[in-house]
1. Relative to the present Cα-Cα distance, how much length would full extension add between ALA229 and ASP57 at 0.36 nm per residue of separation?
2. With all protein chains present, calculate the accessible area of VAL249 using a 1.4 Å probe and round the result to the nearest 10 Å².
3. Taking 0.36 nm per residue of sequence separation and subtracting the Cα-Cα distance, how much length would be gained by fully extending the chain between GLU176 and THR193, in nm to one decimal?
4. Residue farthest toward the positive end of the dipole of the range 24-156, with Cβ of Lys/Arg at +1 and Asp/Glu at -1: which of ILE42, LEU54, SER92?
5. Given R₀ = 41 Å, FRET efficiency for LYS206-LEU167 by Cβ-Cβ distance, to 0.05?
6. Please list log₁₀ I(q)/I(0) at q = 0.17, 0.23 Å⁻¹ for the range 175-261, using the Debye equation with identical point scatterers on the alpha-carbon positions.
7. Remind me, what semi-axes does the chain give for its equivalent ellipsoid, largest first in whole Å, using sqrt of 5 times each Cα gyration tensor eigenvalue?
8. Take the Cα gyration tensor of the range 89-144, multiply each eigenvalue by 5, square-root it, and list the three semi-axes largest first, rounded to whole angstrom.
Amino acid sequence: MKTKKMLGFFTAAIMAAAALPVVSVGAVDAALPGDVDQDGVITGHDSAMVSHALYEDPSTLTEEQKALADYNGDGVVDETDLEAIHANEVFSIGDIGMIGGVTSDIQAAYRAILLYSAESSGAEISVQDDAIPQPIATDKEAHFIGYSGDTMIWDGTYLNASQDAALAQTIRERHEMVENISLQENGKIELSTLQYHLLDATGDGKVDIQDAYVLLGSYAKFYVSGDPAAKYFAPGRYDLYPDGVNVDVVSKDCVVIRVAS
Ligand SMILES: [Ca+2]
Ligand SMILES: [Ca+2]
């Protein structure tokens with residue numbers, strides 16, 4: 001699909017006022033409270049998994065994961081834990097280049113589509129534990145990287161190779177980390193456990209075409225507004241969910257993305 005123009009029509013997400021169910025917790029054996037997916041770092045995927053459990057399906061968390069999700073250790077998993085986990089995210093959902101801050105890159109949607117289509121065609125998806133990179137940004141602000149030939153762009157500014165060499169090199173490496181998620185000649189796609197987790201935007205434990213759709217919708221919202229909070233479909237909810245986005249191909253030049261509650 002070749003998209004020359006993207007139009008976004010968004011409606012404000014409205015959350016039901018009804019109280020959420022809570023997930024009861026058994027024995028607490030928390031190596032790193034909040035690291036629900038146990039990849040060694042608190043990320044948007046941990047928040048997405050807890051959101052998914054609270055809003056969609058509590059049965060997706062194991063007893064061990066529930067204990068890790070009980071961030072304040074009061075015996076239940078609820079919105080208080082979710083907010084604390086979200087506040088401590090090192091990488092936000094979709095941040096497969098490990099930028100930090102609140103990042104949204106259309107590459108996440110592309111790579112989720114690639115994984116889904118390749119796996120559907122019989123390719124092997126190889127997920128391996130790798131060292132966890134340091135984030136480039138540690139604030140909660142919106143950050144963008146870009147590339148033009150050999151020139152790296154950070155938050156809209158071209159990096160001066162002599163003055164910003166270290167930052168440019170880091171961004172180049174993170175860019176390559178994303179580019180390397182591609183179909184190899186041996187029929188494999190290799191990525192790190194952390195990258196795989198950050199592509200599971202629905203928080204249901206697997207990367208499939210739904211993740212590609214919701215990442216695309218989230219990117220469009222974020223890009224249009226520039227507001228970090230706009231990355232998510234609803235206030236206080238940090239998974240991206242299948243009924244939160246519709247993608248319609250209107251013509252070969254126009255795709256309409258609708259994001260709603
Ligand atoms: Ca984690
Ligand atoms: Ca998923």
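The values are calculated or read from the model by the stated rules, or taken from the named source; none is laboratory data. Because the structure is a prediction, the values reported are computed rather than measured. Using ideal geometry, Cβ is built from the backbone for each residue, glycine included, and neighbour counts are taken over all protein chains shown. These accessible areas exclude ligands, DNA and RNA; they are computed on the full protein's heavy atoms, side chains included. Shrake-Rupley method; radii C 1.70, N 1.55, O 1.52, S 1.80 Å.
1. Difference between extended and current length: 59.6 nm.
2. 90
3. 4.5 nm
4. SER92
5. Efficiency, from the Cβ-Cβ distance: 0.75.
6. Taking Cα atoms of the range 175-261 as identical point scatterers yields -0.82, -1.16.
7. On the way: eigenvalues 163, 97, 74 Å².
Square roots of five times the eigenvalues give 29, 22, 19 Å.
8. Calculated on Cα positions only, the semi-axes equal 26, 14, 6 Å.
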